[in-house]
Amino acid sequence: MLKFGEWIAKHRVLILIIAVLLLIPSAIGYINTRVNYDILSYLPKDINTMIGQDILKEDFGQGGFSLVMVEGMSDKDVAETADKISAIDHVSDVICYQSMTDCKIPMEILPENIYDFFNKGDTTMMAVFFDDTTSGDGTLAAVEEMRNITSKQCFISGMSAITLDMKKLTQSETLIYAVIAVILTSIVLTLTMDSFLIPVFFMLSIGFAVVWNLGSNIVLGEISFITQALAMVLQLGVTMDYSIFLWHSYKEQLTHFPDSKQEAMAHAIAATITSVVGSSFTTVAGFLAMCFMTFTLGLDLGIVMAKGVVCGVISCVTVLPSMILIFEKAIAKTSHRDFLPSFSRTSSFIVKHSWVFLTLGIVLLIPAVFGNNHYDVYYKLDSTLPKTLDSVIANTKLAEEYNMNSTHILMVDSHMSAKDADRMLSEIKKTDGVQFAAGFNSLVGPAIPEEAVPEEIKSILKSDKWQIMLIGSEYEVASDEVNEQISDLNTIAQRYDPEAMLIGEAPATKDLITITDRDFKIVNFLSIAAIFLIIAFTFKSVTLPVILVSVIELAIMINLGAAYYTGSRLSFIAPIVIGTIQLGATVDYAILMTTRYRTERSSGQAKKNAIGIALSTSIKSVITSALGFFAATVGVALYSDIGLISELCMLLARGALISMVIVITVLPSMFMVFDKLICRTSAGFSPKRKAQGKRRHIFGTV
C-alpha cells in the first residue's frame, strides 16, 4: 500500500484533474437517471395486486386512474371539461354522468343510482384513466396538463396526483438538503478539527464521491425518490470519518517525516487504506443487508448507498490527499488550536464508575425494548405531506363530499353472467364501509342488451377476458378497517370467480404491510449477522462481536422506542433504515475504541489502565464523528416538508447522538466487567500485567 500512497502523492495534480473530469459524465448520468416516486411499484411483481395492474394496462390500456371532482358546473360545462381531459395525451378514458348521457344510450333508461354515483349536491365526479402507470412519466405529464386546462373548480385526486406533487416537492428540496448538510457539517468540523480550511477540502472530497455515485446510478435505470433525497446526506454522514482518519494519520506521519510532506502523505494513505477499508466493511454490510428485502426499495437504497461508501473510500485515499498536498500552505495558515477539551477527566470518571453506567444501560434496556415493540407504524406516506398541496386538498374534498377515502378496482371474468355480476355487486355493496360498487351491467342497466352498448363505452369496462368494477370505500388506505374490508371483498369475489383480483392503492398497501413486516425481520437478522462476523474476523474474538453489537442495538432500541414514549408514529420503512444504517455506521465508534483497548491490553497494560487509555484516546474521535453525522442529517430533518424524509433524517441524527453516548459510557463499562472473558476468548489480548521489575525500571528511567 505504501507504493500506492507514493504514487498518489507524486501524481496529485493528475489525480485532481481526473477527478474533476469524471464529474462531467457523472453529471450527465445524474440528469438522465429517472426517479421513481411510486413506493408501491417496488412490491414483488408476482403478487395479485401487481399482476392485476399489468393486466389492466395490457388488456384495457389503463394504468393509473384518478377521480376528478368539479364544483358548481352545469352539465354542459362538465361535459366540455370531460372532452378537454379526454384530448390530453396519455388519458385513455373518461367516465362521467354527462359523457355517458351524451352517448347513444337514452338517459331515461339509465339506472337511477347512476346519477347519485356521479353527483353530490353541486359537485360532479368523473373517473379519468391513463394509459401509463400510476407514477409513469406520461401519467404525471397528463395530470399536470389537466391542472393547466381545468379551472379552480376542478380537484384532481388519487395516487398519480399525489405522486406529481411529491415529485415537485422533492425536486425543489433535494439540492437544499445538500447545502444545509454541508454548511452544518462544516461548522462541526471547524470546531472539532485544527484548521479552518480543512473542512472545505473534506466537503469537496466527499462531494466528488457523491456526484460519482449519483451519476453511476444511470446503470440502474432509475432510483426511488427516497434514495435520491437521502443519498447525499447519508453518504456525507457515513463517509466523513474516512477523511478524519486520513487527516489525523497525515498529522501523525508529519512527526516522523517533518522534511517531506509527500512522504508523510504516502505513509498516511497506506495506513488509512487499511483502517478505512476495514471500517467501511461494517457500513457496506448494513446497506447490502437491505438488498435482501422482497420489497425492492431496500435493494434500490442498499445498492446506491453501498456504492456510495465505496466511492467515498476511493475519494478519501486519492482526491483528498491530492488537495491537501496541493493546498498545504493555505491549510497551514488557517490552523487553529483544538477547541475540544481532552476529556481525560470524563474518561477517568466513566471508568471509575463503570458499574453505575452499566446498571443505567441495563435499566434503559427494559423501557427501550418495550417502546421498540409498541410504537405505531404508518404505511400511507402521503399522510405526512403538507395539507396545502393540490392533491391533498382534492383527496380531502372527495372524502368530505362523497365519503370516499379509497377506491378499489375489482377484476373478474368478462364472461360472468349479468345475473351473477349483479348478485356479487349486491353483496359487495352490503360490505361495511363500501360507499358504492359499479360495473358494466350496473352502469348501463339491465334493460340494455350488451350488443347495443357502444364499443367506446364497453371497451372501458370489458375486454375479451376481464371486466372491471369500481368500488369506493369510506375507509382510509392502510387502516385496519380497510384491510379487513379488502379481505371480505376478496372472499365475496372469489366465490363467483376464483381468479378474481382486487387491485388499487389500498389492496397494494395491505400487501406492503405483510411483506415489509417479514422483510424487517430478515434484514435485521442479516445486518446483525454480517456485522457480527466482520467484528469476529477483525478481532478474532467470540465475545467482542456480542458486546459491540449489543451496545449499538441498545442505542437503536432507545432511538426507535423513543417514538412510543413521545407519541410519534414512524413510517414502515423507518425501522428497516435505522436498524441497518445506525448499526452499520455507528458500530465504527465501538470498533475504534475496541481496537485501542486491544492494543493496550496486549501490550501488558492492566485492565483499568487499558480501558481508560482506550476511552480517553477515542472519545474525541467518537464525538467528532457522531456530531458530524448529526449535523449532516438534523438540518434536513428540520427543513424538509416531506414527512418521510424529515422523519428518517431526525431518527438518524438522534441515533448518532444516542450511539455516541452509549459507546462512550456503556461500552467501557462492559469491558471492565467482561475483561477476563474477553481476554480468554479473543486473540491478541493479554490478561497479565507487565512484570513488576520491568515496570519499576521503566518508571525509573522516566
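All of the numbers you see were taken from the coordinates with simple rules; none came from a lab. None of the values given here were measured: they were computed from a predicted structure. Counting neighbours? That spans all protein chains shown, and the Cβs are built from the backbone with ideal geometry, glycine included.
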### Query
Listed here are the pairs K380/K429; K419/K462; K120/K462; which of them are more than 20 Å apart at the Cα?
K380/K429; K120/K462
#### Entry: Per-residue ³J(HN,Hα) for the range 509-524, Karplus 6.51 cos²θ - 1.76 cosθ + 1.60, θ = phi - 60°, Hz, x for Gly and Pro
5, 4, 5, 4, 4, 5, 5, 6, 4, 6, 4, 4, 4, 5, 5, 4
### Query
If each residue's Cβ is checked for other Cβ atoms within 10 Å, how do I678, I492 rank with the fewest at the top?
I492, I678
### Task
State the extension gain, in nm to one decimal, for the chain segment bounded by V13 and D46, taking 0.36 nm per residue of separation less the distance between their alpha-carbons.
6.6 nm
### Summary
So, relative contact order of the range 167-236 in percent, Cα under 8 Å, 6 or more apart, is 43
### Query
Measuring from a point 7 Å past the Cα of S602 along Cα-to-C-beta, which residues in the range 538-552 have an amide N at less than 17 Å?
538-545
## Note on the structure
Mean separation of Cα contacts under 8 Å (at least 6 apart) over the residue count of the chain, i.e. the relative contact order in percent, is 19
### Within the range 494-561, GluC sites (Glu not before Pro) in DSSP loop having at most 14 other beta-carbon neighbours inside 10 Å
E499
### Query
At what distance in nm do the modelled label points of T491 and A141 sit from each other, each positioned 7 Å from its Cα along Cα→Cβ?
4.6
### Query
R0 = 25 Å: FRET efficiency of V661 with I513, Cβ-based, nearest 0.05?
0.15
### Summary
Straight-line reach check, K333, cutoff 12 Å on alpha carbons, 8 or more apart in-chain or any other chain, hits among aspartates and glutamates -> D194
### Message
From the helices alone, meaning DSSP H stretches of at least four residues, give me the mean residue ellipticity at 222 nm for the chain, per-run term -39500 (n - 2.57), in deg cm²/dmol to the nearest 500.
### Response
-23500 deg cm²/dmol
### Summary
Relative to the chain, whose Cα atoms define the longest principal axis, helix 692-701 and its Cα axis are tilted in degrees, nearest 10, by 80
### Message
I need the trypsin sites (Lys or Arg not before Pro) found in the range 454-547, filtered to DSSP loop residues with at most 14 other beta carbons within 10 Å of theirs.
### Response
K465, K540
### Unsatisfied cross-links (Cα-Cα over 18 Å) in the set K430/K465; K397/K430; K57/K84; K540/K620; K167/K510; K608/K676
K430/K465; K397/K430; K57/K84; K540/K620; K167/K510
### Summary
The set of residues whose placed amide H lies less than 5 Å from the amide H of S414, leaving out same-chain residues fewer than 5 positions away, is W466, Q467
#### Entry: Antiparallel content of DSSP bridges confined to the chain, in %, to 5
85
### Task
Provide the per-residue ³J(HN,Hα) series for the range 136-146, in order, calculated from phi with Karplus coefficients 6.51, -1.76, 1.60 and θ = phi - 60°, each as a whole number of Hz, with x at glycine and proline positions.
x, 4, x, 5, 5, 5, 5, 4, 4, 5, 4
## Note on the structure
Under 5 Å from the placed amide H of E222, counting only residues 5+ away or on other chains, we find none
### Query
Taking other Cβ within 10 Å of each residue's Cβ, how do S160, S354, S669 sort, fewest first?
S354, S669, S160
### Message
What are the ³J(HN,Hα) couplings of the range 20-33, residue after residue, when phi is run through the Karplus curve with 6.51, -1.76, 1.60 and θ = phi - 60°? Round to Hz, x for glycine and proline.
### Response
5, 5, 5, 5, 5, x, 5, 5, 5, x, 5, 4, 9, 8
### Query
For R12, R423, what ranking results if the residue with the fewest other Cβ atoms within 10 Å of its Cβ goes first?
R423, R12
